[in-house]
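Bear in mind that the values in this text are calculations on the coordinates, not laboratory data. On a predicted model such as this, the values are computed, not experimentally measured, just so you know. Note: ideal-geometry Cβ built from the backbone for every residue, glycine included; neighbour counts use all protein chains shown.
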Amino acid sequence: MEERVVDFVNGLRGRWVSVSTAESLDAMRSLLAVGIADPSNFRAALRAALIKRNQDQVIFEELFPLYFHALGAATEAASELGEDLVQRIMQEPQDLFSQLLSGNSGEWESWIRQMAGDMDFSRLMTRMQVGMFTRRIFDSIDWDNMGNRLRELQSSLSEEGWPDSEVHALPDVFAANREAFRRQVRSYVEREQARNADQLPSPDRVERLMNRPLSSLEETELQQMRQAVDILARKLRNKMALRDKRAKRGRLDVKATMRKNMHHGGIPFNLVRRKKRKEKADLMVLCDISSSVSRVSQFMLQFVYTVQDCLAKVRSFVFVDALGEVTSFFRDEDIGGGVRLALSEASIPYNVRSDFGWVFQEFCERYLQDVGYRTYILIIGDARNNYNDPAVWALEKMAERAKGIIWLNPETKPFWNTGDSVMEEYLPYCREARVCRTLKDLEETVSSLLL
């Protein structure tokens, strides 16, 4: 347990929570006093010893279940079996099969560590990779063989005279424990991802990167920039979690409180709070991936999919002179792989000249019916249309159906209506149009959508 607490403290520090050595020792002493029998007391003792600032409580609550998820001895599913039958199952060879069937979750992590032994967790940098690493560990188990062993065990138990009701309950118990085991594998992977957080760029380095034009980054800086995007996305998720927590409690309604307490002489014995629920938005992202804009587009895709759990729905498209949807790439791949595929495998011509007008017409024909009252359309492009028809009417139809169109242009405003740029023609139909050249510009745009 001491080793786990040290790992937990390192995870907090990796998320920029200040924990001193003295506070770590205080946590150890408090755990000796309260023990682990009562998980709520255990959690409260750790929080009291380690957390000083309100804003750090969100990080504590996010990381705690990753490090201390197996305080209980057995799963709920195992309680459906009698104690005698559980003892009989434990007479089977002590491998993962018997541990799963008995629901002894406290022993599962040792098996997870063995199965994950050959995996390179140093590559696990973002939350979007957690699902892929989890699948690799979980799928390394021979589940077909376990199914055969389960049927053999049922047959043996029937021959031994165990009640049919208990024997027939075994497949359901095994299925429930298998799912609980999968969740514990994911918790293990999430903990490894949190452990890697302290290898990300320092706050000072992130601040410098945020103000660097994306087009000027060298290859050696790109990986740090990708890591910086994940840092900013986590900070944004934490802000949203804190906001949602406050929204549940509600803000004090002074006028309503005074009215409710008139019979107390105006003394506010009973408080009235005003709650306001913020509805999650849908987002459609249209990214110009021509050479002049592709770097801004790829970092926006990474940013959006890192915070996608804060949105109701995300769909993404890339274009040059034709439109291709790439949403499925981010379901099947980790975020880095999804971005790479979007920039190379979207079934559209890549080495051509931009044609925004044709792209917007194509969007109207194929996807306009999917745009709803809470859908934001985020367009990333320089609006340089190579003297083609801008099809302003198509963007107008998109604006009429959407909650708003937000346009991010990597060119500064003096260049917006020069040469083949048609930005001025599109502006009337945009809720917002911003210059977007740096990571800070991307962060401010995503923050304005979510907060």
Original post:
What fraction, in whole percent, of alpha-carbon pairs in segment 282-450 exceed 30 Å separation?
Top reply: 7
Subject >> the chain: angle of helix 294-306 to the longest principal axis, Cα-based, in degrees nearest 10 >> reply: 30
Original post:
Where does helix 57-67 land angle-wise versus the long Cα axis of the chain, in degrees 0 to 90, nearest 10?
Top reply: 50
Original post:
Among Lys239/Lys280; Lys235/Lys403; Lys52/Lys239; Lys239/Lys440, which pairs are too far apart, with a Cα-Cα distance over 22 Å?
Top reply: Lys235/Lys403
Subject >> DSSP loop chymotrypsin sites (Phe, Trp or Tyr not before Pro) with at most 11 other Cβ within 10 Å excluded, longest remaining stretch of the chain >> reply: 1-268
Subject >> Whole-Å distance, taken between Cα centres, linking segment 267-327 and segment 132-194 >> reply: 37
Original post:
If you add up the charges near Met423, with Lys and Arg at +1 and Asp and Glu at -1, over every other residue whose beta carbon is less than 14 angstrom from its beta carbon, what do you get?
Top reply: -4
Original post:
Which of the trypsin sites (Lys or Arg not before Pro) found in segment 414-447 are in a DSSP loop and have at most 15 neighbouring Cβ atoms, other than their own, within 10 Å?
Top reply: Arg431
**OP:** Per DSSP H run of n ≥ 4, the term is -39500 (n - 2.57); total these for the chain, divide by its residue number, and report the mean residue ellipticity at 222 nm rounded to 500 deg cm²/dmol.
**Re:** -16500 deg cm²/dmol
Original post:
Based on the alpha-carbon gyration tensor of segment 352-451 and its eigenvalue square roots a ≥ b ≥ c, which shape applies: rounded if a/c is under 1.5, prolate if not and a/b is larger than b/c, or oblate?
Top reply: oblate
**OP:** Give me the net charge of Ser98's neighbourhood, meaning all other residues with Cβ under 14 Å from the Cβ of Ser98; Lys, Arg count +1, Asp, Glu -1.
**Re:** -1
**OP:** Starting from the Cα gyration tensor of the chain, multiply each eigenvalue by 5, take the square root, and state the resulting semi-axes largest first in whole Å.
**Re:** 47, 31, 23
**OP:** Counting other beta carbons within 10 Å of each Cβ, put Lys260, Lys255 in order, fewest first.
**Re:** Lys255, Lys260
**OP:** Scan the chain and hand back the longest stretch that contains none of the GluC sites (Glu not before Pro) lying in DSSP loops with at most 16 other Cβ atoms within 10 Å.
**Re:** 77-217
Original post:
With charges only on Cβ, +1 for K and R and -1 for D and E, what is the dipole size of the chain about its Cα centre, in debye, rounded to 20?
Top reply: 2980
**OP:** Considering Cα pairs under 8 angstrom that are at least six residues apart, work out the relative contact order of segment 2-68 and quote it in whole percent.
**Re:** 39
Original post:
Which shape class applies to segment 108-190: rounded if a/c is under 1.5, otherwise prolate when a/b exceeds b/c and oblate if not, where a ≥ b ≥ c are the square roots of the Cα gyration tensor eigenvalues?
Top reply: prolate
Subject >> ³J(HN,Hα) computed for each position of segment 107-118 - Karplus, 6.51 cos²θ - 1.76 cosθ + 1.60, integer Hz, glycine/proline x >> reply: 9, 5, 4, 4, 5, 4, 4, 5, 5, 8, x, 8
